[in-house]
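Before anything else, here's the structure in question.
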Amino acid sequence: MEISLNKEVEFATKHLCEQFLHSGKPRYILGRNNYAKSVAELIAIDFFIDEFTLDEFFMGKPIIKNLTKVPKETIVLSAIIGNVPITVNRNIEIHSLKCLDYFSFLRDSNLQIKNIEFWDGFHNTFEKEMSNYEYIFSHLVDEISKNTFERILNFRINYDLSQMSIFSDIQHLQYFEDFLALNSHDEVFVDIGGFDGYTSNEFIKRCPNFNKIYFLEPESQNLQKAKVLLQNYSNIEYLELGASNKKETLRFENELGSSSKVSENGSIVIEADTIDDLIKEKVTYIKMDIEGSESIAIEGATQTILKYHPRLAICVYHKGTDLIEIPKQVFAIRNDYNLYLRHYTEGVVETVMFFIPKN
């Protein structure tokens with residue numbers, strides 16, 4: 001496992017950061033999320049850039065709708081971190097503008113701006129957990145997985161977005177890699193965090209003669225959308241529930257759409273239960289994308305995993321230590337899995353770990 005810093009990239013971004021902060025020229029931020037807001041709360045921003053809004057102002061500053069309206073050679077700070085930060089940066093540069101990415105700015109500005117929320121707990125534990133990262137790396141079974149693991153670690157450690165340049169936004173392929181070896185018939189799929197039904201619909205395309213789908217989605221509006229999308233199929237059991245390690249009532253925050261999650265400050269009350277108690281038949285494939293609650297859901301599926309040895313696809317990007325804690329947890333239940341890792345965007349989201357039963 002190789003951890004390194006691209007000194008050339010670091011030098012270039014530090015220079016851009018200094019210019020952005022101290023040149024005295026107008027400052028532009030592309031994006032209007034909490035990351036952009038955290039910068040604007042600490043330093044004077046002159047313009048925000050957002051090509052997809054009808055709003056005229058944000059935080060009292062004008063919004064520019066088109067990059068062609070920005071003076072050439074201007075440094076634009078991009079606050080985009082999720083699906084397509086590299087594509088956004090390239091688009092900025094195509095317009096003869098200089099792009100400073102948020103990750104570099106977070107590293108070099110010395111400002112107390114918003115940390116990358118998905119990385120919480122990573123930096124202050126990495127060195128202490130190095131042996132565990134080496135352990136998980138050694139269990140990855142193919143070079144794509146190993147390269148993905150190294151790049152994600154280097155991205156996080158050095159705030160170096162260039163590490164993600166080999167990836168693209170291919171979320172339409174997420175959860176359905178060839179190594180899953182799904183059968184066209186008899187599969188029993190458990191879609192945990194089903195959202196609007198997209199993933200279950202993709203599963204059906206690949207497994208048209210499936211036996212059953214258990215669809216778990218605690219938010220009622222999302223569940224209704226899924227029922228409309230999947231209305232032509234009768235062998236789907238819809239469960240308006242979250243997955244947990246016990247039967248319980250939780251608070252749920254749904255303001256972020258597909259990123260809805262359990263939260264103590266959530267405005268909605270939901271019910272949750274364990275997979276072990278909800279499902280009493282053999283399952284063949286479990287997918288989990290539940291915004292940081294994956295670990296407790298795995299705990300509540302222990303007997304199902306132990307008894308039926310299903311394929312698993314589990315998101316491992318919501319918490320800073322998921323990359324090691326999730327596989328350790330699964331291997332503690334059963335260690336007869338082959339381990340794969342794939343990443344489906346250019347940024348910090350949609351990293352999936354696959355556990356494929358050994359024959």
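The values are calculated or read from the model by the stated rules, or taken from the named source; none is laboratory data. Quantities reported herein were computed from a predicted structural model and do not represent experimental measurements. So basically every Cβ, Gly included, is an ideal-geometry build from the backbone, and we count neighbours across all protein chains shown.
Can you find a residue that is of a type in the set (D, E, K, R) and within 17 Å of MET1 (Cβ to Cβ) anywhere in the stretch 189-201? If you could, list the steps in order and put the result at the bottom.
Of the residues in the stretch 189-201, the ones of a type in the set (D, E, K, R) are 191, 196.
Narrowing further to those that are within 17 Å of MET1 (Cβ to Cβ): none.
No, because not a single residue in the stretch 189-201 is of a type in the set (D, E, K, R) and within 17 Å of MET1 (Cβ to Cβ).
So that you can scan it fast, the table gives a plain yes or no per residue for (1) at pLDDT 95 or above; (2) part of a loop (DSSP other than H, G, I, E, B); (3) in the same structural domain as VAL349 (by TED's automatic domain parsing); (4) within 30 Å of ASN83 (Cα to Cα):
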site	(1), (2), (3), (4)
ILE213	yes, no, yes, yes
PRO218	no, yes, yes, yes
VAL228	yes, no, yes, yes
VAL269	no, no, yes, yes
ALA272	no, no, yes, yes
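Every residue, every condition in (1) within 30 Å of ILE3 (Cβ to Cβ); (2) among the polar types (S, T, N, Q); (3) touching a Leu at 6+ places or on another chain (Cβ under 7 Å), yes or no:
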position: GLY60; (1), (2), (3): no, no, no
position: LYS69; (1), (2), (3): no, no, no
position: ARG90; (1), (2), (3): yes, no, no
position: GLU117; (1), (2), (3): yes, no, no
position: ASP120; (1), (2), (3): yes, no, no
position: LYS128; (1), (2), (3): yes, no, no
position: SER138; (1), (2), (3): yes, yes, no
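Then there's this: Can we say THR148 is in contact with a Ser or Thr (Cβ under 9 Å, 6 or more places away or on another chain), within 17 Å of GLU350 (Cβ to Cβ) and either outside the structural domain of ARG32 (by TED's automatic domain parsing) or part of a loop (DSSP other than H, G, I, E, B) (or both)?
Values: in contact with a Ser or Thr (Cβ under 9 Å, 6 or more places away or on another chain): yes; within 17 Å of GLU350 (Cβ to Cβ): yes; either outside the structural domain of ARG32 (by TED's automatic domain parsing) or part of a loop (DSSP other than H, G, I, E, B) (or both): yes.
In short, yes.
Anything in the stretch 151-185 that is part of a helix (DSSP H, G or I), out of contact with any strand residue (DSSP E or B) (no Cβ under 9 Å at 6 or more places or on another chain) and closer than 30 Å to ILE204 by Cβ? List them, or say none.
Once the filter is applied, which keeps residues that are part of a helix (DSSP H, G or I), out of contact with any strand residue (DSSP E or B) (no Cβ under 9 Å at 6 or more places or on another chain) and closer than 30 Å to ILE204 by Cβ, the stretch 151-185 yields GLN171, HIS172, ASP178.
State whether one or more residues within the stretch 330-339 are within 21 Å of ASN154 (Cα to Cα), more than 11 Å from the chain's Cα centre (by Cα) and not charged (D, E, K, R).
Step one: filter the stretch 330-339 for residues within 21 Å of ASN154 (Cα to Cα), giving 339.
After this cut, where a residue has to be more than 11 Å from the chain's Cα centre (by Cα) as well, the list is 339.
Adding the requirement that they be not charged (D, E, K, R) leaves 339.
For the stretch 330-339, residues within 21 Å of ASN154 (Cα to Cα), more than 11 Å from the chain's Cα centre (by Cα) and not charged (D, E, K, R): present.
Right, next: Within the stretch 330-359, how many residues are over 18 Å from ILE296 (Cα atoms) and either part of a strand (DSSP E or B) or modelled with pLDDT under 95 (or both)?
Step one: filter the stretch 330-359 for residues over 18 Å from ILE296 (Cα atoms), giving 335-351, 356-359.
Still in the running and either part of a strand (DSSP E or B) or modelled with pLDDT under 95 (or both): 337-343, 351, 356-357, 359.
Number of matching residues: 11.
Checking LYS319 against (1) at pLDDT below 95; (2) more than 22 Å from PHE176 (Cα to Cα), which test does it fail?
Condition not satisfied by LYS319: (1).
A follow-up question, please. All but one of (1) assigned to a strand (DSSP E or B); (2) surrounded by fewer than 17 Cβ atoms within 10 Å (Cβ to Cβ); (3) modelled with pLDDT under 95; (4) of a type outside the set (Gly, Ala, Ser) hold for GLU237; state the number of the condition that does not hold.
Of everything listed in (1) assigned to a strand (DSSP E or B); (2) surrounded by fewer than 17 Cβ atoms within 10 Å (Cβ to Cβ); (3) modelled with pLDDT under 95; (4) of a type outside the set (Gly, Ala, Ser), GLU237 misses just condition (3).
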